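Input: a single structure, listed below in structure tokens.
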Amino acid sequence: MILRAAASTDVGLRRKENEDRYALSPQLGLYLVADGMGGHTAGQVASELAAETALQAIQTLEGAAASLAERLRYAVAAANRAIYSKAQQHPEFTGMGTTLVAFLADQERAALAHVGDSRAYLIRGRRIRQLTDDHSIVGELLRRREISEDAAREHPHRHVLTRALGVRRSVEPDLVELTLEPRDVFVLCSDGLTNHVEDHEIAKLVCGNDDLQEICEQLIDLANGRGGEDNSTVLLARCEKSE
């Protein structure tokens, strides 16, 4: 199995800086999205450190006898340490952190690691399935069925995370392993997209076009057309049979 991938990011209509970062590394089979937080330049520093450190960590494990999930766990831990250490050394970065959703593929298998409220979806056979649970106050309330989906969109604490990279000395990611099928499309995105675009709308655009880069840009245009309140980042990875 080979993966075709594309990504796009945009500052949106309300923010002055883009604190989102993404990484595409077909050679390593690694694809990720990070959404930084912390104000001023701290969010940018956190998300950039997460992306760079995760890539380096996966690179150091090439050839190692470790599962895909174990490699991602190592990469998340390394990224968390890098951000936390930077904040300890530089008072202006105190409290900075980032979400991270990372996808690591190899032949017929893949693993997914996730911290925060950036999301991963799988579109298979025209159906979309969310693979991640939001690590946020609103996400917890939804899982306990204490609020509705409609109420969640307007909740005053909808952006408050319960888990993020770099905020504490250690963090535990959610991890899952998957078997890949031809034509599977994985969608990684920041909440700037999902705040404005419904899951079924993501699936419709993905299934209606073969141009991954164009789809990424269409999704971001849709989010911006509905207010663009935050930075938006979309990464798509499509599985194809090896020739």
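The values are calculated or read from the model by the stated rules, or taken from the named source; none is laboratory data. What you see is a predicted model, and the numbers here were worked out from it, not measured in a lab. Note that we place each Cβ from the backbone using ideal geometry, even for glycine, and neighbour counts take in every protein chain shown. Surface accessibility is based on the protein's heavy atoms, side chains included, excluding ligands, DNA and RNA. Shrake-Rupley method; radii C 1.70, N 1.55, O 1.52, S 1.80 Å.
So here's what we get for this one:
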| item | result |
| --- | --- |
| Which listed residue is in contact with a strand residue (DSSP E or B) (Cβ under 9 Å, 6 or more places away or on another chain) and either at pLDDT 95 or above or open to solvent by less than 10 Å² (accessible area, probe 1.4 Å) (or both), from Ala77, Ala102 | Ala102 |
| First in the range 89-117 and without any contact (Cβ under 8 Å) to a residue 60 or more places away in the chain and farther than 10 Å from Arg163 by Cα, second anywhere and surrounded by fewer than 14 Cβ atoms within 10 Å (Cβ to Cβ) and of a type outside the set (A, V, I, L, M, F, W, C), Cβ under 8 Å, 6 or more apart | Glu92/His40 |
| Within the range 177-187, tally of residues that are open to solvent by 50 Å² or more (accessible area, probe 1.4 Å) and either of a type in the set (A, V, I, L, M, F, W, C) or closer than 17 Å to Leu131 by Cβ (or both) | 4 |
| Residue, farthest from Gln130 (Cα to Cα), within the range 196-210, restricted to residues that are in a loop (DSSP other than H, G, I, E, B) and open to solvent by less than 60 Å² (accessible area, probe 1.4 Å) | Asn209 |
| Filtered residue count, the range 107-132, keeping only those that are under 16 Å from the mean Cα position of the chain (by Cα) and assigned to a loop (DSSP other than H, G, I, E, B) | 5 |
| Residue match in the range 154-177 (condition: among the charged types (D, E, K, R) and part of a strand (DSSP E or B)) | yes |
| Residues that are in contact with a strand residue (DSSP E or B) (Cβ under 6 Å, 6 or more places away or on another chain) and either modelled with pLDDT under 95 or closer than 18 Å to Ala34 by Cα (or both), drawn from the range 177-193 | Phe186, Val187, Leu188, Cys189, Ser190, Gly192, Leu193 |
| Odd one out for Glu92 among (1) part of a helix (DSSP H, G or I); (2) at pLDDT 95 or above | (2) |
| Of all residues in the range 11-56 being under 25 Å from Cys239 (Cβ atoms) and part of a loop (DSSP other than H, G, I, E, B), the one that is most open to solvent (accessible area, probe 1.4 Å) | Gln27 |
| Condition met for Glu217 (of a type outside the set (Ser, Thr, Tyr) and in contact with a helix residue (DSSP H, G or I) (Cβ under 8 Å, 6 or more places away or on another chain)) | no |
| Residue in the range 57-74 that is open to solvent by 10 Å² or more (accessible area, probe 1.4 Å), in contact (Cβ under 8 Å) with a residue 24 or more places away in the chain, within 24 Å of Asn231 (Cβ to Cβ) and assigned to a helix (DSSP H, G or I) present | no |
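Condition check ((1) surrounded by 12 or more Cβ atoms within 10 Å (Cβ to Cβ); (2) of a type outside the set (Gly, Ala, Ser); (3) in contact with a helix residue (DSSP H, G or I) (Cβ under 6 Å, 6 or more places away or on another chain); (4) farther than 21 Å from Gly43 by Cα) across all residues:
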position: Glu146; (1), (2), (3), (4): no, yes, no, yes
position: Val171; (1), (2), (3), (4): yes, yes, yes, no
position: Leu175; (1), (2), (3), (4): yes, yes, yes, yes
position: Cys189; (1), (2), (3), (4): yes, yes, no, no
position: Leu212; (1), (2), (3), (4): yes, yes, no, yes
position: Asp221; (1), (2), (3), (4): yes, yes, no, yes
position: Gly225; (1), (2), (3), (4): no, no, no, yes
